[in-house]
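Peer 1: I'd like to ask some things about the structure below.
The values are calculated or read from the model by the stated rules, or taken from the named source; none is laboratory data. Since this is a predicted model, take the numbers as computed values, not measurements. Cβ sites come from the backbone with ideal geometry, for glycine too, and all protein chains shown count toward neighbours. Each accessible area value is taken on the protein alone, full model and side chains, heavy atoms only, with ligands, DNA and RNA left out. Shrake-Rupley method; radii C 1.70, N 1.55, O 1.52, S 1.80 Å.
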Amino acid sequence: SGIATAVISSSKNCEYILKAAGIDNLFQTRVDGEVSLELGLEGKPEPDIFVTAADNLGVSPARVVVVEDAISGVRAGRNGGFGLVIGLARKDNETALLENGADVAMKDMAEVNLEWVNRWFYRKPKSLFQEPDKAGEIEDTSKDKSAGKIVINPYYMREPKAAILTGKKPVFFLDYDGTLTPIVERPELAVLSEEMRETIRCLSEKATLAVVSGRMREDVEKLVGIKNLLYAGSHGFDILGPGVSLVEPRAEKAIPLITKIIKFLHTALSDIPGILIEEKKFSSAVHYRLVEEEYLPRIKETVDKVIKDNPLLRLMSGKKVFEILPAIAWDKGRAVRWIMQALNISWNDASVVYIGDDTTDEDAFRVVRTRGTAILVCGQEKESAADFKLSSSKEVKKLFEEIIASL
């Protein structure tokens, strides 16, 4: 069928059980109690075992379906930012599974089909400022809709304003480029307007705010220019704010390698008109927005060679940019979780909102959804894990103003 499968278990007898049942050949990888002990993986609700299985299969968590019947397993799936988390209700516990992060719940896996799963991964968020469709973008396409066999998480049926203004403590995670500022031709041109800065300052007086950016933390902190905010730079590798501080140690070890790669990229690509090689502490970004199309194959071939020759690095594609960074299990979604834990913020006690515009923000969208609100900033319809969509940074500012007036 072309679908890769993994079996996850805390049992140390998993391999024996699978062989006894005659189904061990159905799975391409196995991560059980023995493997977890050998690799030092944390147990559920941490996502380590699921992330390891995805790595073994060579697939991104964004394209993975997690099926779990335990609340801790559902939480692990959500915490890992997986594409679809299915709660398998063994004891009429659909509600509990949904409350703990399942996207959908059902009593039997036979109730869902591959067509429904495929449609899940290609849905588009609803516009936040338009009249919401009560049915939303997510439909029950199981074999028998009238029986209600697939229970969709109620979070997906919320109206925008009600989703954000819940009466709970508001917590905002905000991308910078393309979210607080419009997308521009060169990174140095993305300057925050004084009107947006003042709006953010006013919002910060009523809510907890963190700026989560692919830029270096020092740079985005200087660009925003507001004290007492949290700043997470380099996709969350570097975090600093009142009472919190983190430099991801595995990323820090990769700095010499990143420095070497930056020199190589300059040598290999700097003659291309319009190319911009952004030098960061923990990564290097190759911007090709101003490059003629004829050069794109050469750029892609070069960055692919870097990744092939350096297994400790990974490639991340964004809006007209290739970014090379350490191949470690850390992204904006994990940065959000770390900040919440550092500040002792509970999903149940806060109204968590993440707003971003790029591929890197999708990692955070998948961690936040079903227990917070994920908002994509994009001028066109686009497939995304976000709940809602804003068309521009101007609409982001409008949303902030309405929230300020309501708090």
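Peer 1: Pop out the carbon and sulfur fraction of the accessible area of the range 299-407 as a percent, whole number, probe 1.4 Å.
Peer 2: Numbers: 1980 of 4150 Å².
Reported share for carbon and sulfur atoms: 48 percent.
Peer 1: So if we plug the beta-carbon distance of N118 and E46 into 1/(1 + (r/R0)^6) with R0 = 30 Å, what FRET efficiency do we get, rounded to 0.05?
Peer 2: Efficiency for this residue pair is about 0.55.
Peer 1: Report the charge-dipole magnitude of the chain in Debye, nearest 20, computed about the Cα centre from +1 at each Lys and Arg Cβ and -1 at each Asp and Glu Cβ.
Peer 2: Working: 55 positive and 62 negative charges, 83 e Å.
Approximately 400 debye in magnitude.
Peer 1: Which distance in nm do the two modelled labels at H266 and T302 give, with both placed 7 Å along the Cα-to-Cβ direction?
Peer 2: That separation, rounded to one decimal, is 1.3 nm.
Peer 1: Please compute the per residue accessible area over the chain with all protein chains in place, 1.4 Å probe, rounded to a whole number of Å². Let's see the in-between values first.
Peer 2: Numbers: 19230 Å² over 407 residues.
Per residue, the chain has an accessible area of 47 Å².
Peer 1: For the chain, report the translational diffusion coefficient in µm²/s to the nearest whole number, using Stokes-Einstein at 10 °C, 1.306 mPa s, and a Kirkwood Rh over Cα pairs. Please list the in-between numbers first.
Peer 2: On the way: Rh = 22.4 Å.
In µm²/s, the coefficient rounds to 71.
Peer 1: Another question about this same structure. When you take every Cα atom in the range 289-406, what is the radius of gyration, and what is Dmax, the widest Cα pair distance, in Å?
Peer 2: 17.4, 53
Peer 1: Show which lysines lie in cross-link reach of K222 when reach means a straight Cα distance below 19 angstrom and same-chain residues fewer than eight apart are skipped.
Peer 2: Straight-line reach from K222, under 19 Å: K280, K281.
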